[in-house]
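Step one of this worksheet: look at the structure below.
Coordinate-derived values only; no laboratory data. Please read these numbers as outputs of a predicted model, since none were measured by experiment. Cβ sites come from the backbone with ideal geometry, for glycine too, and all protein chains shown count toward neighbours.
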Amino acid sequence: MRIKVLCRNPDDYLRETKRDIHRVPRNYDPGLHPFEANREYVRALNATKLERVFAKPFLGSLDGHRDGVHCMCKHPRSPSVLLSGACDGEVRIWNLAKKKCMSQVQAHEGFVQGICSVPDGSSFLTCGTDKIIKQWRLSPEGLIYSDPVSTTLGKTVFQGIDHHWSANTFATSGEQVDIWEEDRSEPVRSFTWGVDSINYIKFNPVERHILGGCASDRSIILYDMRGSTPLRKVILKLRSNALAWNPMEAFVFTVANEDYNLYTFDMRNLAMPLSMHMDHVSAVMDVDYSPTGREFVSAGYDKCLRIFPVDKSHSREIYHTKRMQRVSVVRWSLDNKFIISGSDEMNLRIWKAHASEKLGALKPREKTAFNYNEKLKEKFAHHPQIRRIARHRHVPKMIYNATKELRTIKKSQKKKEANRRAHSKPGTVPMVAEKKKSIVEDVD
Amino acid sequence: MEADIENEEDIKDLSDNEDVFDEKKHNQLLDAITSLDGNKTKRFSHRTIVSKEISEFSFGKSGDDRRVKLYELVGTLKDSASHGTLKKQLKTVARRNKVLPSPLPRHQKEKIERVVAYEKTSKDLCIWDPVVEQNRKAEQLKFPLQQPSFKLQTTDGFVAKFQPRTPLELEIAALLRGSKNIPSKKKELTQAEKEALRAMNLDEAKARRAELQKHRALLSYKEAKSRWQKKIKSKNYHRHLRKERQKKEMKALEEMEKTDPDAYQEKLKQLEKERIEERMSLKHRGGSKYSQKQMIYAKYDKQARQSVQDMIQMSRELRQKTIPLADSDTESEGGVIMDKEDAANMEDSELHVVDDNPWMARPIAHTALYKKPQAFVSAVITDNVNGTVHDGEIKDDTLINSQNENILDDLDNDSNDRHENERESDITSIKTNIEEKGKYTKTRMRKGSQSKKSDLGNEELDIETILSKFDKIENSKNESSETKKRKKRKRKRKNKKGLQKEETTSQEKKKKTNEVDHEENLISEDLQRKKTLEEIEDLNYGVDSDDSQPRKGTEDTKNGETLKKNTKEVYVDPKKLFKLETKILQTSVPDVVSDDDLNDDRQRITIAQAFADDDVIEEFSREKREIRDQQKPKDINLTLPGWGDWGGEGIEPSKKKRKKFTIKAPPVPPRRDKNLGNVIISEAKDKAIASHQVSNLPFPYTSVEQFEQSIQAPIGKTWVPETAFKRLIKPAIVTRLGKIIDPIDKSQVFQNQAHTTKTRKPSKGKIIRATEKAKKSNEFDVHS
């Protein structure tokens, strides 16, 4: 009798050397894996749960200011250095890595209205309610030389300041928009349009001669530094508080408005915003783009930060803590990993840009696992159980109730409009897009 | 008005040629008078110099009747011929005179400026559209976008950039540029060659040219060949190359022997020295680290095994005493002539020494020839002892084997010296012999009991192998004849040289036996033979296929028999069988031999007995029918008995009414298990699962199938190869902690794009469009 045995060639399953990886023979025939989708679903579910488990975005707070933080500026060359100006005229330089204040200076009497750094980071400029622009030297370690390099006296109060992205030029806003050169004491050029003051000014980081400003007559005004007149203005229903340009798309900018919303515009078509971002329940005070240009962060009087994808009208994330009061200024760090907020209760806070991201060096296997989990979450994002977990956020009672109230208000408004439309002559009550409703006029 | 008057006066002035200074004084006086009464209208104060050129600015717009018209003035000059030029000038003035509009108010002017500036800026910004679109759609973006380039500089690139600076470089450059002998890629001939051609006559030139061309072509061929030869990675190929080279060297050596005996001696000495060195060192005998490692890897790696073999071969070659050369050497010198026996002894002793070394492949063949058959026989015997077989048959078997072996040996020994035809006939005769014997054994096999089958199988195998071997011999017949002829020629040459005949024949014989050994070893599958793997594999395959073929047939018949038995024994109602399509799977795997048919049958019987009463099939089909009927929507009968008709017990509503008032159920789509006999597929919705399922079609998908497919396609490493997995999980955005991401840089983006368009990349239509747009905007700049 012959005995037939199954035998395998050891070469098929043995490692050649001890350091070699284990051979795992696989048959990828889908017929042999009838439950692949189901198993991946379970993996996706677990990944989503873990993401929520590890979502701890708050990294720390920086205290030291003796009044509310009013303005903030990133160091253009060193991601760990941050400059902040307070309502009592004090400017502080922070080291984010050490969570320490490196130096401080009493820059102005009254508010520090604006602060901006020169492109190489060797000095920075501040302007205050005392009608003075001061330029300060900054050492690479983040130390301020106690005397300003230059002091320029203006005729009116400056409300905002921003530096050109490459040239030796900066712009201030107030009763008019002035373009200055660092080595001159008189503005090179001044723009006026109407009588209202301009409370915010920002240079376009891509097309660097273009500026955008927010005026107190509820308008957003665009300027070209090279021309003699402003470019265009659009008037919204309520005032815009801040403006941020998309660093990757030259013509896109977003404004933070008093009507709880943010509006993203294409500067070539101001008659209608590209999208309206709504989730805040109070006035939005500041907005800043991520350096990748895919997302932006906003914060305001509802004591929370929200992160919006540029093309979505609702936020993907909300950050809040019990102690954080009205947030007046928020910035996204230049390496796309952190968000810094400054609020009325004199603190700066550091947050992670992605709440559950593991910071620091990752092993290749870890990296692969994270990437795989991300893709799984994306793939199964529409499944109700996964969406439910991924969407869930805890919010303070104040925000929860306010959201509910706003929802009711909006609902009733809609209902009223629908009723009006139903009971009037067809065509007399036209359908207007929600995002267009807030635009009052596009003035040329 | 006053201005008009003044003009009038001026013209009069001109016409009358009065004194200029008086007029000026008069004007000043008038001014003084007018300024006295406080009316501060400014007047033009003209310096009136007498000239033929008339300023056009002094002619104001005449809206009043009292103003002097130009034609009136010119009319007065009608008769005077001397004012022709003046008239002409006035005419041109009249023609060109277009009054500029008054400037717009400031706010309007600014508005227009703003509109123009805004439109221009908007247009300028359009160059970003393709870039933005590309970035938005990009599968993956790695930030910062401007990564440093790690491109290697090519030689051509360097040459193109190179600028001679130092005096030496300058000198060389001057020489190079000035030389007429530099070939250029575009032109066929260099400057110098052209000149030379010009100097020659036509025929010469043609010939020369052809020669040159040929030379160049040959050069390029050679270049190309050496290039690709250099690229070949095959060790086998390089070994062949080396062998060839060595052969050539040997030939050259032989040549040298005749032509240059001194150099030949030198060479020999060198070879001897090499041999000594080799004997001293362990270089090729597993002494080096590399070879030790290779030895370890040899277990798993074919290449390593090969390299070990090569090394050993090399060492053997190096250590070998060049006997034939030495022979010839001694002969030429007329020294000691080695005896036949002595040589044989020496070889024998060598063989013995070598026999201990498992790596020494060649000499073992010699001894194996004699050992093999006995070993084989003994193996058979032991086999038979283990099994229960009659003695007589064992003897028979062994006899046959030994006979076969003997025949083979005879053949091997004899055939060498004979002529081909004879050999062929021999082979055929032996073949027939063997075949007959095979038949005989086969017949006996059939008669014999089943338990002996396996042994007989072995026997059969032997016969098969022998037959196949004969086939091989026949195939290689021509080849061998050729080699024989060559050998004969060689022999003749040697005779001429004066070697003793007997010696050579003995040597030849030995060689031949060696060759035969080689062939036998192919069959014995000895790893230590110097044979290529392919050959061995071919052989194995042939044996296997020969072996497996008849077995399959027997098996089939067996299966058929068992099937028949089964049909008789197991009770199945033939009418209640499901109609199932038989799937024929094409597999290359042969069916497994089943020797335990009896056991199987027994098991089947017991199962049949155990489930004798269960009519499972009937039950199942009934269940299925029930479910089908249950889920079918039923007609709704709305007839009211007695409505519009007589009612009461025993009275049925009329057929017409029933038909009228029944609502027919809509036709049901066919069930999914309609054509599947042995399954029931539930088509009811599962509420428990519904909460986990997607209710609406998500945005980018256009159909449910699409979405389902996207969900079905797995991403994980478990179901997808590693490379595909890596590609699938690529994150859309990659950023690094602490790495500053600068805003997109206009100059760099468009510089790159310009570069790409320059260096032939028409596939990127967007970018081209972008550059066009940019160009247009530039044009716009020029126009405005």
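Which of A:Lys237/A:Lys415; A:Lys237/A:Lys303; A:Lys322/A:Lys379 have a Cα-Cα distance over 25 Å?
Cα-Cα > 25 Å for A:Lys322/A:Lys379; rest within.
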query: From the cross-link list A:Lys375/A:Lys397; A:Lys312/B:Lys746; A:Lys377/A:Lys410; A:Lys99/A:Lys352; B:Lys632/B:Lys664; B:Lys230/B:Lys267, which pairs have alpha carbons spaced over 23 Å apart?
result: A:Lys375/A:Lys397; A:Lys312/B:Lys746; A:Lys377/A:Lys410; B:Lys230/B:Lys267
Per-pair calculated FRET efficiency, R0 = 60 Å: B:Asp156 and B:Glu119 via Cβ, rounded to 0.05: 0.80
- prompt: Using the Cα gyration tensor of the stretch A:302-444, with a ≥ b ≥ c the square roots of its eigenvalues, what is the shape: rounded (a/c below 1.5), prolate (a/b larger than b/c) or oblate (neither)?
  reply: prolate
message: What does the net charge come to around B:Gln303 if you take all other residues with beta carbon closer than 13 Å to its beta carbon, with K and R at +1 and D and E at -1?
response: +4
- request: Count, for each residue of A:357-363, the Cβ atoms from other chains sitting within 10 Å of its Cβ, then give me the mean as a whole number.
  value: 1
- request: Take peptide B:704-713, look around each residue's Cβ out to 10 angstrom, count Cβ atoms belonging to other protein chains, and average those counts.
  value: 2
field: Qualifying GluC sites (Glu not before Pro) in the stretch B:70-160, DSSP loop, other Cβ atoms within 10 Å at most 12
entry: B:Glu139
statement: Taking 0.36 nm per residue of separation between B:Ala724 and B:Tyr221 and subtracting their Cα-Cα distance, the length gained on full extension comes to 176.9 nm
- request: For A:Lys237, list long-range residues whose amide hydrogen, built 1.01 Å from N in the peptide plane, is under 5 Å from its own amide hydrogen.
  value: A:Val440
For the stretch B:167-230, fraction of C-alpha pairs farther apart than 14 Å, in %: 69
- request: Please find the FRET efficiency linking B:Glu72 to A:Ser216, where r is the Cβ-Cβ separation and R0 is fixed at 60 Å, and quote it to the nearest 0.05.
  value: 0.45
task: Could you give the size of the charge dipole of the stretch B:232-336 about its Cα centre, using +1 on the Cβ of each K and R and -1 on the Cβ of each D and E, expressed in debye and rounded to the nearest 20?
output: 1220
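Based only on other Cβ atoms within 10 Å, what is the fewest-to-most ordering of A:Cys7, A:Cys73?
Taking fewest neighbouring Cβ atoms as first place, the list is A:Cys7, A:Cys73.
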- request: Determine the shielding of peptide B:290-300 by partner chains: average, over its residues, the number of Cβ atoms on other chains within 10 angstrom of each Cβ.
  value: 1
message: Taking amide H atoms as placed 1.01 Å from N in the peptide plane, list the residues 5 or more away in sequence, or in a different chain, whose amide H sits under 5 Å from that of B:Ile733.
response: B:Leu141
Distance between modelled label sites at A:Val443 and A:Leu6, nm, 7 Å Cα→Cβ extension: 8.4
field: Using a Förster distance of 60 Å, the FRET efficiency for B:Asp645-A:Asp196 (Cβ separation, nearest 0.05)
entry: 0.10
